[in-house]
Amino acid sequence: MTRMKFTKEHLVKYMLTLFALSSLLFLFLIFIFILYEGLPLFHKIGLKNIIFGFKWAPTKGSFGIFPMIVSSFLVTLGALFVGAPMGLSCAIYLSEYSGKKMKMFLKPALELLAGIPSVVYGFLGVIYIVPLIRNHFGGAGFSLLSTSIILGVMILPTIISISFDAITSVPKTYREGSFAMGATKWQTIYKVVIPSAKSGILASFILGMGRAIGETMAVIMVAGNALKIPMSILDPLRTLTSNIALELAYATGDHRQGLFSTGVVLLVIIMVLNYIANFGIKKKVIK
């Protein structure tokens, strides 16, 4: 009987290990596929001409994606500017001010934002945000500003969830010691809790950036898709992800490889952001 139980335990262990390794295998295959399709063009055209080129005209031999790289980072920073204060404020309220019943209602409701399809966010942006910007600020409305607002809302669940966990992981003794010194609740949060949770909060911001820079559908609908570096928050733009989604259906030859090269750049950016975020989380755990 004991031997049979021992065998079953090992069988379950090996099955779970197999499933875990299969997920890593899929990630590895995706990584290899993108590199296989995208790297040849870097060798043919040159890394400098692709990364720092200003003209994207694949049918004419121009594969510059620098305006799209800049646009992707501007949109991401704009989303962080919109979403970070809101997300951190929500996390502080949930962890420090809300009651048990309010927390049980608000936290799942806020996390439901992550389950809303991106096309719905894009649709709401086209119907409400774009006309609002057009009527009150000028321009076409399809702009860096509208895209940043939409993405700022979309990254809220990521920032709220991770920041909330980081804040609640701060030991109660830190708060009690601050209160014993005569500090108010807000002084305790601002001077003690937030600095203690800063690594986790920073990680939530970086993961939110990764979410924003990888978004496609909503960006296509509200960005305007102009192949230039935006000089104003009211200018249209095109990101790396939207460039791939818009042109991959009809691309062939070097054009198709150029889109995969764009994917390689995007993959590297997201991997770097995730590495920095994981480093921040591990640093928090070590502390």
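The values are calculated or read from the model by the stated rules, or taken from the named source; none is laboratory data. Owing to the predicted nature of the structure, the values given are computational and were not obtained by experimental measurement. Virtual Cβ from ideal backbone geometry, glycine too; neighbours counted across all protein chains shown. Note: accessible area is taken over every heavy atom of the protein model, side chains too, but ligands, DNA and RNA are not part of it. Shrake-Rupley method; radii C 1.70, N 1.55, O 1.52, S 1.80 Å.
Would you mind working out the magnitude of the charge dipole of region 154-271 relative to its Cα centre, with +1 at each Lys and Arg C-beta and -1 at each Asp and Glu C-beta, to the nearest 20 Debye? Can you show the working numbers first?
Details: 9 positive and 6 negative charges, 90 e Å.
About 440 debye.
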Using +1 at the Cβ of each Lys and Arg and -1 at the Cβ of each Asp and Glu in region 56-286, identify which of Gly263, Pro131, Gly83 lies farthest towards the dipole's positive end. Gly83
To the nearest 20 debye, the chain has a Cα-centred charge dipole, built from +1 on Lys and Arg Cβ and -1 on Asp and Glu Cβ, of 880 debye
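Expressed in nm to one decimal, what extension gain is obtained for the pair Met271 and Phe52 from 0.36 nm per residue of sequence separation less their Cα-Cα distance? Can you show the working numbers first?
Values: separation 219, 0.36 × 219 = 78.84 nm, distance 2.03 nm.
My answer for the length gained is 76.8 nm.
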In the full protein assembly as shown, how much of Lys8 is accessible to a 1.4 Å probe, in Å² to the nearest 10? 120 Å²
Could you calculate the contour length gain from Leu248 to Gln187, that is, 0.36 nm times the residue separation minus the distance between their Cα atoms, to one decimal place in nm? 16.7 nm
I'd like the distance separating the alpha-carbon centroids of region 90-150 and region 240-261, in whole Å. 30 Å
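Hey, if we sort Glu215, Glu176, Glu111 by accessible area with the 1.4 Å probe, largest down, what's the order? Provide the component values of the computation, followed by the final result.
Details: Glu215 15, Glu176 110, Glu111 80 Å².
My answer, sorted largest first, is Glu176, Glu111, Glu215.
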Gain in length, His43 to Leu25, computed as 0.36 nm per residue apart minus the alpha-carbon separation, to one decimal in nm? 3.8 nm
Enumerate the amide H contacts of Phe63 below 5 Å, restricted to partners 5 or more residues apart or on another chain; note that Pro and chain-start residues carry no placed amide H. Ala57
With an 8 Å Cα cut-off and a minimum separation of 6 or more residues, compute the relative contact order for the chain in percent. 26 percent
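Just the number, please: carbon plus sulfur as a percent of the accessible area of region 160-287, 1.4 Å probe, no ligands or DNA/RNA counted.
Details: 4170 of 6380 Å².
Answer for region 160-287: carbon and sulfur cover 65 percent of the accessible area.
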Among (1) 59, 41, 35; (2) 73, 50, 30; (3) 69, 68, 32, the value of Cα extents along the principal axes in Å computed for this structure carries the label (3)
So with the 1.4 Å probe, I'd like the accessible area per residue for region 56-286, rounded to whole Å². 49 Å²
Which Cα, out of Ala251, Met154, Ile167, lies furthest along the positive dipole direction of region 56-286 (beta carbon charges, K/R +1, D/E -1)? Ile167
Along the charge dipole of the chain, Cβ charges K/R +1 and D/E -1, which of Ile189, Leu39, Gly115 sits furthest on the positive end? Ile189
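For the pairs Lys172/Lys198; Lys101/Lys172; Lys60/Lys228, note any where the Cα-Cα span goes beyond 19 Å.
On the way: Lys172/Lys198 16 Å; Lys101/Lys172 21 Å; Lys60/Lys228 17 Å.
Listed pairs above 19 Å: Lys101/Lys172.
Please give the calculated 222 nm ellipticity per residue for the chain, where each DSSP H segment of at least 4 residues contributes -39500 (n - 2.57) and the sum is spread over every residue; nearest 500 deg cm²/dmol? List each step's numbers first, then the result.
Working: 14 runs with 204 residues, N = 287.
Mean residue ellipticity at 222 nm (helix-derived): -23000 deg cm²/dmol.
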